[in-house]
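One structure is given here, and the rest of the page talks about it.
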Amino acid sequence: MASKQTEKHPPRKKKSKRERRMKAVVILMIAAMVVSSLLTGAAFFM
């Protein structure tokens with residue numbers, strides 16, 4: 001416990017449109033994968 005944790009985080013800079021768009025695309029792709037896997041699993045039980 002000798003180390004001090006007094007580091008302050010720098011103020012968050014505003015995310016650029018490109019970064020936000022990339023994050024949205026990643027979330028959309030993950031959601032599409034989840035939905036498709038659920039539909040595939042449901043198809044086996046029909």
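Structure above, values below:
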| quantity | calculated |
| --- | --- |
| Ranked packing of 24-31, 38-45, most packed first, by mean Cβ within 10 Å | 24-31, 38-45 |
| Length added when fully stretched, Ala43-Arg20, from 0.36 nm per residue minus Cα-Cα | 4.8 nm |
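Values in this text are rule-based calculations from the coordinates and carry no lab data. These numbers come from a predicted model, not from an experiment. As a convention, Cβ positions derive from the backbone with ideal geometry for all residues, glycine included, and neighbour counts pool all protein chains shown.
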